[in-house]
Structures are given as C-alpha cells and as structure tokens.
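Peer 1: A single structure is presented below for examination.
The values are calculated or read from the model by the stated rules, or taken from the named source; none is laboratory data. Because the structure is predicted, anything quoted here is derived from the model rather than measured. Neighbour counts are summed over all protein chains in view; Cβ atoms, including those assigned to glycine, are modelled from backbone coordinates with ideal geometry. We work out accessible area using only protein heavy atoms, side chains counted, and drop any ligands, DNA or RNA first. Shrake-Rupley method; radii C 1.70, N 1.55, O 1.52, S 1.80 Å.
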Protein chains: 2
Amino acid sequence: MFSEESAKLGVTYPKGFQAAGVKAGIKKSGNLDVAVIYSDREAAVAGTFTKNAVAAAPVHVSKAVVATHTARAIVANAGCANACTGAQGEADAAAMQKIAADALGCGVQDVIVASTGIIGQLLPMDKVEKGIHAAVKELSPHGSADAGNAIITTDTYSKAGTTSVVLGGKEVRLGIIAKGSGMICPDMATVLCFITTDADIDAILLQEALSEVMEYSLNMISIDGDMSTNDMAIVLANGAAGNPKITEKNADYEAFKGALLALCQGISEKIAADGEGATKFITIHVKGANNFADAKTVGMSVANSPLVKTAFFGEDPNWGRVICAVGYAGVPMDPNRTTVKFGGIPVYAEGVGAAYDADALRAVMTAHDIVIDIDLDDGAAEATVWTCDFSYEYVKINGEYHT
Amino acid sequence: MFSEESAKLGVTYPKGFQAAGVKAGIKKSGNLDVAVIYSDREAAVAGTFTKNAVAAAPVHVSKAVVATHTARAIVANAGCANACTGAQGEADAAAMQKIAADALGCGVQDVIVASTGIIGQLLPMDKVEKGIHAAVKELSPHGSADAGNAIITTDTYSKAGTTSVVLGGKEVRLGIIAKGSGMICPDMATVLCFITTDADIDAILLQEALSEVMEYSLNMISIDGDMSTNDMAIVLANGAAGNPKITEKNADYEAFKGALLALCQGISEKIAADGEGATKFITIHVKGANNFADAKTVGMSVANSPLVKTAFFGEDPNWGRVICAVGYAGVPMDPNRTTVKFGGIPVYAEGVGAAYDADALRAVMTAHDIVIDIDLDDGAAEATVWTCDFSYEYVKINGEYHT
C-alpha cells in the first residue's frame with residue numbers, strides 16, 4: 001500500500017491538491033524553508049497537536065482552524081519555531097495565516113500554520129511574507145517534494161508517502177509529507193506531519209480516525225523521549241474522489257482508517273530510521289501484555305533507555321539492558337515468563353540469558369534494521385514502537401553551540 | 001556537616017565498625033572487588049531496594065535480612081551483578097552470605113549481600129569465597145577506603161562521607177560509602193550505598209528515617225533515567241555511641257534524620273558529578289510547585305532530557321530545551337508565569353527569552369558546576385534534582401562491546 005513511486009507525489013497525489021516549497025532565507029543554510037499546500041476546494045480538516053504545556057504560537061492558531069472543521073491550505077516554515085515568543089509570536093503566526101489567506105484568496109480561518117526550527121526567536125516576517133507569496137505563485141501538482149524539503153531541519157532527507165483505497169467504487173488517494181529527526185523543541189527539531197486525501201468524509205469522523213491512527217503510528221516513535229512545543233499532524237480531506245461521503249463508522253470508514261494507518265505507520269518508520277545521528281533502525285514488538293497501554297509502556301521504556309540505545313550503537317547484544325528496561329517500566333511482569341529475542345534469536349528466557357549462535361546474533365546486530373521481540377506471556381495485547389540508536393553523532397548534533 | 005577529613009574513614013568512622021576491600025580476581029582490571037563491612041555488635045538494619053521487577057539475587061537475599069531488623073555485616077562484590085542468573089544465582093547469593101557468616105562467626109541472617117557489575121553472568125564462586133576469607137582477615141578500622149574501592153565499577157573514584165550529631169550528650173557518628181556512575185543494570189553500573197552509624201535507634205524508626213531520606217537524596221539523582229536491577233541502600237546502626245535509644249519520633253530522631261539526610265545528599269551530589277562520561281555537575285532547583293511530587297517530576301523531566309544534557313555538554317545556554325522539558329513533564333504549568341535561571345541569571349520569563357549579559361552567562365555555562373532554577377510560581381513546594389551532562393564519553397562507555 002505504501003508505494004515508493006507515487007510517493008514522489010506525496011501530498012499532491014490526491015486529486016485537487018497543489019504544493020510548493022521555496023527559499024525564503026529563514027534557514028541559515030539557504031535551503032528551502034517555506035511550504036504551502038493548497039486544496040482547490042474546501043476540505044474537512046482534522047489535527048492532533050503537541051501536549052506540551054509550552055505550545056508554540058502556530059499550534060494555538062492552527063487549533064482554532066481545526067475547531068472550524070474546514071480548511072483549504074497549510075502554510076509552514078522551517079528555520080524558526082516561533083515558540084516561546086510571547087504576544088509578538090502569536091501576532092506573527094496570525095499574520096502568517098493572513099498573508100497566506102490573502103495570497104490564496106481564501107478565508108483566514110481556512111489556513112493552517114506550522115513552524116519548526118530555533119525556539120525563542122521571532123519570525124523574520126519580511127522573509128516569511130516574501131516566501132509565502134513566492135510559494136503561492138509556484139503551487140503545482142508536482143510541488144510536494146519541494147514542500148517536503150521546505151519543512152525539514154536536521155532530517156537527512158524529506159519523508160513522503162502515498163496510498164490509495166477503493167471506496168464505493170471510487171479510488172480514494174492519500175498522501176503525506178513529514179519531518180522528524182529529534183522529537184523535540186530544541187534548536188532544530190519537531191514532528192510535522194501533513195496529510196492530504198481526496199476522500200469525502202465528515203470532519204468529526206476524520207478527527208476520530210486521525211486521533212486513533214496517531215496512537216498506533218506517530219505516537220509510537222521515540223527518538224529521544226522529548227516532546228516538541230511544535231508537533232502537529234494535520235489531515236485535509238477535500239472530497240475530490242467522489243466517493244459516497246463517509247458519515248458513519250461503516251466499512252468505508254474502516255477501510256479509509258486502515259489506509260490512513262498504513263500511510264502513517266510507513267512514515268513513522270521513516271522518521272525513526274532518520275533519527276538524529278541514527279545508525280540503526282530498531283523495531284520493538286511487545287506482546288503478551290494485558291492491554292495496549294502496558295505493551296506501549298514497556299516498548300517505550302526500552303526505546304527511551306540511553307543504555308539500550310548506546311548498546312545498539314555499539315552492536316552489543318546486551319539483552320541485560322533490555323530486560324532491565326522492561327523491569328523498571330512499571331508494568332507487572334514476571335522475569336521468569338518474559339522472553340526477549342533479537343532478530344528472531346532468543347537471548348533471554350526463563351529468567352536467564354539464552355544460549356545462542358554467536359555468529360548468527362552478530363549478523364543481526366551488525367545489520368541496519370534490528371527487530372526486538374519482547375513477550376511478557378501474560379495477556380493478549382501487543383504494541384510496536386520504532387526507535388533508533390544513540391550515537392556520537394547525536395551528541396554532536398545536539399551538543400553544538402547554536403545560539 | 002560533611003567533613004572531607006573524617007570522610008577518609010567512611011563507614012569505619014562510627015564506633016565499632018571495621019571494613020576491608022580485597023582483590024579477588026572478579027574484575028577483569030584486577031582491581032579491588034570484594035568488600036566486607038562488619039559491626040562488632042548486633043546492629044539495627046534498614047534498607048531500600050530497586051523497584052525493578054527484574055531484581056538481582058542479592059536483592060532478594062538482603063531483603064530477607066532487613067526483614068529481621070538486625071544484622072552484623074555487609075559483603076559485596078563488583079565485576080559481576082549476579083542478576084538474571086536464575087536459580088543458580090539465588091544459590092550463589094545465599095552461598096556468599098553463608099561464607100561470610102561462617103568467616104565472621106555470625107548468623108547467616110546477619111549478613112547483607114550485594115553485587116554489581118556484568119548482568120547475566122554467574123558469580124565465580126571460587127574467587128568470591130577466597131575474596132571473602134581474605135577480606136575478613138583484613139578487617140580494620142581503616143579499611144573503608146579499600147571497601148569503597150572494591151564496590152566501584154565505571155565510577156572514576158570511590159565516594160565516601162561522614163557526619164556526626166550530638167544526641168543526649170553523646171556524639172553519634174555516621175559514615176557512608178557508595179558507588180554510582182550509570183544508574184543502571186547494564187554491564188557496568190548500579191547504585192550501592194552502605195551507611196554505618198553508632199546511633200542506638202529502633203530498627204523500625206531507622207527504616208522510616210532511611211526511606212524518607214532516600215526520597216530527598218539518592219532518589220533525586222538521575223544520570224540516564226535507567227534503574228538498576230541491583231540498587232540497594234543499607235544502614236547498620238550498632239548503638240555503640242551510647243546515646244539514649246531512639247524509640248519514638250522525638251527531637252533526637254529528627255536530629256539523627258537530619259544528619260542522615262546531610263550525609264546522603266552529600267553522597268548524591270558526588271554520584272551525580274561522577275556520572276558516566278560527565279563533564280558537568282548540574283543541580284536543578286524547582287520551586288513554586290503545588291507539591292513535592294510535582295516539583296520532582298519537573299526536575300526529573302529536565303534532568304532526563306537527552307537534549308538538555310547534550311546542550312550542557314556543549315555549554316549551550318539553550319533555555320528552550322529546558323522550558324520544553326518543563327512543558328511536557330505532565331505537571332500543570334503556566335508558560336507565562338514560569339521562570340528559568342542558569343547560574344542565577346534569568347534566561348526565560350513571561351513566556352519569552354529574557355535579555356541577559358552574554359559574557360556573564362558564558363561564565364556560568366563554561367563552569368563545571370551549574371545550577372538551574374525553575375520557578376513555576378504556582379505553589380509553595382520545591383525539590384532539588386542532581387544530574388550531569390551527556391557527552392561523547394557516555395556513548396563511548398556504554399557503546400563499547402562488552403560481551
């Protein structure tokens with residue numbers, strides 16, 4: 001379902017969407033830094049936002065748009081997070097929204113605003129304004145790649161994906177662009193996730209689907225356990241596919257939600273694999289838990305352990321650190337029933353280390369993609385968490401003096 | 001109260017205690033690795049232990065000793081944690097206890113057992129046995145330094161301290177040795193904390209005092225957020241000071257608890273400052289919280305943020321990462337009322353970055369000891385957390401292939 005070919009089209013894969021990314025001079029690197037995504041007709045909108053009490057100005061502005069249930073466009077910049085910027089920051093986010101609305105000829109409350117980059121600095125509004133005008137002029141059905149590149153910061157590449165599903169005989173398309181890298185507000189990070197679809201769906205159901213899908217996709221990533229002030233996932237559904245409008249939780253709703261989940265899980269894997277300084281992509285499957293929350297807690301405890309992450313950087317099959325992180329997760333577990341596997345090879349069982357083929361385990365540990373299986377043998381629930389290792393490069397990226 | 005001079009005596013500063021540390025060949029380095037601490041008379045005992053569900057065998061054995069309320073000795077080894085070692089590990093911990101009891105001529109249930117080092121490996125019992133016999137022969141009133149060195153792993157130095165308090169006209173002494181470094185079970189870490197005192201105090205009250213003091217000292221340290229399978233704090237009180245026995249929560253109890261707190265806070269600062277790979281010692285004061293738990297949660301959220309820790313390694317006054325970690329701590333906070341200071345210099349106030357003298361702030365950030373003050377301006381409770389930065393060396397220490 002996650003097509004690499006159509007993924008080049010990203011958010012312009014669904015009918016009726018255009019996008020653009022331009023260089024406005026906000027990033028010190030001079031790279032693309034202002035993105036606009038535009039629907040040629042009114043779209044249902046849904047969004048999920050950072051739970052950080054210190055939310056950035058664009059989060060406040062965009063929450064108000066989502067509350068209206070409809071939108072037409074997304075305007076985003078990288079290089080400056082417009083976070084911890086006080087009343088001026090709120091005014092700047094509102095100005096960014098109005099500039100885009102005027103340029104696009106739509107209402108102010110039709111424009112979602114997002115920012116990512118350095119915290120505590122004011123937006124250079126002259127550059128932002130010129131950038132938005134330039135991006136609106138360049139809007140095209142082939143602009144998704146530029147838009148994707150305009151929202152990245154320390155990401156080493158732009159993440160995009162597409163999928164489709166047939167609803168009532170009509171092909172419904174979905175596209176996504178996202179950025180990740182560090183999970184955080186710091187100088188250079190945030191998760192931004194913009195999804196477009198030509199599905200016709202009620203905005204309330206769209207919100208329910210997005211909120212549920214996020215629990216099993218973006219919220220299952222951990223790079224460093226930090227939560228940004230600017231995190232935002234937005235979906236615009238413009239109905240251009242002409243499917244029978246989804247107004248209840250019927251089979252079409254479930255099929256759409258499934259497609260949305262596949263799209264978001266695919267992008268989650270890409271974000272985790274491109275974590276700051278990552279040399280390994282680690283998938284943690286937890287099963288045998290009493291409920292999903294417990295399974296997720298165990299997976300996140302392992303994913304957030306600096307000692308687990310540095311061990312995988314060192315290609316060290318250190319199951320002791322993994323079972324230790326399982327043990328302190330705060331979830332009831334029996335050390336004698338829990339098993340741990342690396343790449344399918346049992347390394348811990350019945351309370352002790354398991355005998356293993358050292359060559360086979362070395363092949364697992366030296367690969368880029370590593371799967372950790374943890375079975376608590378206590379219930380039927382499971383969860384999957386995606387993470388990466390902790391390298392010298394992570395310390396370098398985040399220990400450099402930016403200010 | 002925390003005397004550096006008498007600290008050389010550590011756990012043998014209180015009357016009636018002897019200690020020793022010997023080389024038994026358990027550590028690959030060949031350094032001291034078996035310690036014994038001995039009281040010449042029966043002592044009240046109290047202990048706090050790791051909450052990790054995957055607790056090591058010596059933790060189980062020592063919990064049973066603490067349940068009897070009396071003990072005479074502590075036997076400990078470094079180089080092998082005897083964790084995740086199954087039934088054989090339990091038998092080995094019990095054997096270690098019996099070997100020491102026989103050599104000391106006391107009961108089996110009088111001996112506390114502790115181990116730290118590599119997880120998942122069985123104790124080399126022949127070496128352990130010879131080491132215990134050698135240590136018992138070397139017991140002396142000047143053996144605390146050797147005992148302290150015999151329990152360290154990746155610590156760069158042994159931690160010790162002493163203090164005293166006059167109770168009912170009698171000088172009551174307290175001594176401590178401890179190890180820290182990583183907070184974890186991994187190959188090479190664990191917090192072990194052994195306290196001796198010649199106070200005469202009821203064991204139940206001793207336990208209450210220890211449990212309360214731990215909440216404000218050892219439990220306020222974070223190196224990397226991991227919790228070891230082997231963590232243990234033990235206090236032996238042998239009554240040799242001849243003070244009026246403390247049997248109720250009177251002024252003597254409060255004075256004794258205060259001395260115990262000073263001792264444990266002093267050692268906590270040393271453990272945090274010697275965190276694996278640490279180049280900075282960071283004290284985080286949180287005030288203006290509604291209760292202690294909230295204040296601690298905020299402090300720990302900041303202390304555990306890899307982005308905060310790498311910023312301090314880079315001497316980057318990145319208040320954005322600090323306020324971000326405050327924001328996602330899960331404690332109610334108003335970004336516009338919260339203030340953050342580095343080394344007494346306001347860096348964040350009224351929702352935005354504060355103007356500061358760059359030279360003065362640079363002097364703060366380049367110092368080894370840095371204080372972060374966070375005022376939530378919402379209540380009267382406060383808490384202090386100690387941590388360190390996150391360096392290349394941390395990744396190196398923990399990313400090296402040990403197995």
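Peer 1: Applying the selection to segment A:26-71, what residues are in contact with a Gly (Cβ under 8 Å, 6 or more places away or on another chain), open to solvent by 10 Å² or more (accessible area, probe 1.4 Å) and away from chain B (no Cβ under 14 Å)?
Peer 2: Of everything in segment A:26-71, those that are in contact with a Gly (Cβ under 8 Å, 6 or more places away or on another chain), open to solvent by 10 Å² or more (accessible area, probe 1.4 Å) and away from chain B (no Cβ under 14 Å) turn out to be A:Ile26, A:Lys27, A:Lys28, A:Leu32, A:Asp40, A:Arg41, A:Ala44, A:Lys63, A:Val66.
Peer 1: If only one of A:Ala295, A:Ala273, A:Ala311, A:Ala289 is surrounded by fewer than 24 Cβ atoms within 10 Å (Cβ to Cβ) and either away from chain B (no Cβ under 14 Å) or in contact with a Lys or Arg (Cβ under 9 Å, 6 or more places away or on another chain) (or both), which one is it?
Peer 2: A:Ala273
Peer 1: Condition (residue is more than 30 Å from A:Thr48 (Cβ to Cβ), among the polar types (S, T, N, Q) and more than 7 Å from chain B (Cβ to nearest Cβ)) applied to segment A:316-338: is it met by at least one residue?
Peer 2: For segment A:316-338, residues more than 30 Å from A:Thr48 (Cβ to Cβ), among the polar types (S, T, N, Q) and more than 7 Å from chain B (Cβ to nearest Cβ): present.
Peer 1: Any chance you could count how many residues in segment A:364-391 are open to solvent by 40 Å² or more (accessible area, probe 1.4 Å) and either over 20 Å from A:Thr339 (Cβ atoms) or not assigned by TED's automatic domain parsing to the domain that holds A:Val331 (or both)?
Peer 2: Number satisfying all stated conditions: 3.
Peer 1: A follow-up question, please. Considering only residues of segment B:219-247 that are polar (S, T, N, Q) and at pLDDT 90 or above, which is surrounded by the most Cβ atoms within 10 Å (Cβ to Cβ)?
Peer 2: Applying the filter and picking the extreme gives B:Asn238.
Peer 1: Please go through segment A:363-399 and give me each residue that is without any contact (Cβ under 8 Å) to a residue 60 or more places away in the chain and at the interface with chain B (Cβ under 10 Å from one of its Cβ atoms), ordered by number.
Peer 2: Correct list: A:Met365, A:Gly399.
Peer 1: I've got another one for you. Do we have A:Thr279 as of a type in the set (S, T, N, Q) and away from chain B (no Cβ under 12 Å) here?
Peer 2: no
Peer 1: Next up: Among the residues that make up segment A:196-211, is at least one of them at pLDDT below 95, open to solvent by 10 Å² or more (accessible area, probe 1.4 Å), outside any strand (DSSP E or B) and closer than 16 Å to A:Lys257 by Cα?
Peer 2: yes
Peer 1: Could you grab me the full set of residues in segment A:239-257 that are out of contact with any Asp or Glu (no Cβ under 8 Å at 6 or more places or on another chain) and under 17 Å from A:Asp198 (Cβ atoms)?
Peer 2: Matches in segment A:239-257: A:Asp252, A:Tyr253, A:Ala255, A:Phe256.
Peer 1: Here is a follow-up. Among the numbered conditions (1) among the hydrophobic types (A, V, I, L, M, F, W, C); (2) over 30 Å from B:Glu393 (Cβ atoms); (3) out of contact with any Gly (no Cβ under 6 Å at 6 or more places or on another chain), tell me where A:Val322 comes up short.
Peer 2: (2)
Peer 1: A further question on this structure: Every residue in segment B:339-351 that is within 9 Å of chain A (Cβ to nearest Cβ) and surrounded by fewer than 18 Cβ atoms within 10 Å (Cβ to Cβ), please.
Peer 2: Answer for segment B:339-351, where residues must be within 9 Å of chain A (Cβ to nearest Cβ) and surrounded by fewer than 18 Cβ atoms within 10 Å (Cβ to Cβ): just B:Glu350.
Peer 1: Would you confirm whether any residue within segment A:311-326 is β-branched (Val, Ile, Thr) and either at pLDDT below 90 or more than 23 Å from B:Gly275 (Cα to Cα) (or both)?
Peer 2: no
Peer 1: Might you check whether a residue that is open to solvent by less than 10 Å² (accessible area, probe 1.4 Å), assigned by TED's automatic domain parsing to the domain that holds B:Val61, closer than 24 Å to A:Ala329 by Cα and modelled with pLDDT under 95 occurs anywhere in segment B:254-264?
Peer 2: no
Peer 1: If you go through segment B:33-51 one residue at a time, do you hit one that is farther than 21 Å from B:Val108 by Cα and either modelled with pLDDT of 95 or more or not assigned by TED's automatic domain parsing to the domain that holds B:Ala94 (or both)?
Peer 2: Checked against the condition, which is being farther than 21 Å from B:Val108 by Cα and either modelled with pLDDT of 95 or more or not assigned by TED's automatic domain parsing to the domain that holds B:Ala94 (or both), segment B:33-51 yields at least one hit.
Peer 1: Does A:Ala303 count as within 14 Å of chain B (Cβ to nearest Cβ), in contact with a Lys or Arg (Cβ under 9 Å, 6 or more places away or on another chain) and under 20 Å from B:Tyr328 (Cα atoms)?
Peer 2: Yes.
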